[in-house]
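Undergrad: Got a structure for you, questions after.
Every number here is computed from the coordinates shown, using simple stated rules; none is lab data. The model shown is predicted, which means the values in this text are computed figures rather than measured ones. Here Cβ is always computed from backbone atoms with ideal geometry, including for glycine, and neighbour counts include all displayed protein chains.
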């Protein structure tokens, strides 16, 4: 079982729609959860971080965390063509010896927003 | 503010040769991380420096990989001798702090990566 799983996509949504990206993780000890956006050939860029169960909103982005179900999601409202990218889910590697940024990543979901 | 800089952006070498990748973190960032993404796989953690000390190198694949951070500024990752399976993109990232509960001041910033192709 992979530590972090994502649907590779591509996920195609029309401009203005809501894009829903999902991620599951295997380690119940994980406490920190991140969504990164990566354009082709570029560096991963942090979009959202979440640590507690529930929703966290930042502009057009909402991260949702359910630790009991080991599930993290990212909603992008009013999707724009510029949102087209690969979205990476990352979860901290739970260990007393691990620092906060030793992360397990999913393979990423490719999002395509069509005009 | 300059971001995380990595060099070279792309390196093509033959099996058995040596390659050294360099990372310059954001100025003032004590924490420096190396990650790797091989073709078709997810990004994997390799190691973590706090200043010049290796905090965690549990992700290093084998002893052909050597990471250094002399003086606690830039870091190098040497692969010697390179094998075909070492091909991939090597990312460096840095952060100011390293709290378990990461605050806005401790955002992990990635470089653009160094693509390594071993023939």
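Undergrad: Please rank B:7, B:45, fewest neighbouring Cβ atoms within 10 Å first, as an exposure proxy.
TA: B:7, B:45
Undergrad: For segment B:34-95, state the semi-axes of the equivalent ellipsoid (square roots of 5 times the eigenvalues of the alpha-carbon gyration tensor), sorted largest first and rounded to whole angstrom.
TA: Semi-axis lengths for segment B:34-95 are 20, 13, 10 Å.
Undergrad: What fraction of the DSSP beta bridges in chain A is antiparallel, stated in percent and rounded to the nearest 5?
TA: 90 percent
Undergrad: Share of Cα-Cα pairs in the protein assembly as shown beyond 34 Å, in percent?
TA: 14 percent
Undergrad: Per-residue Cβ counts within 10 Å, from other chains only, averaged over A:101-110: what number is that?
TA: 6
Undergrad: Moving on. Rounded to a whole number, what is D in µm²/s for chain A from Stokes-Einstein with the Kirkwood radius over alpha-carbon pairs (25 °C, 0.890 mPa s)?
TA: D = 173 µm²/s.
Undergrad: In what order do B:39, A:48, B:60 fall by count of nearby beta-carbon atoms within 10 Å, going from fewest to most?
TA: B:39, B:60, A:48
Undergrad: Return the single residue from B:87, B:11, B:58 with maximal mean-square fluctuation; model: Gaussian network over chain B, springs between Cα atoms under 10 Å.
TA: In the Gaussian network model the winner is B:58.
Undergrad: May I have the pair-distance distribution P(r) for chain B, computed from all Cα-Cα distances with 10 Å bins from 0 and rounded to whole percent?
TA: Pair shares across the bins are 15, 48, 30, 7, 0.
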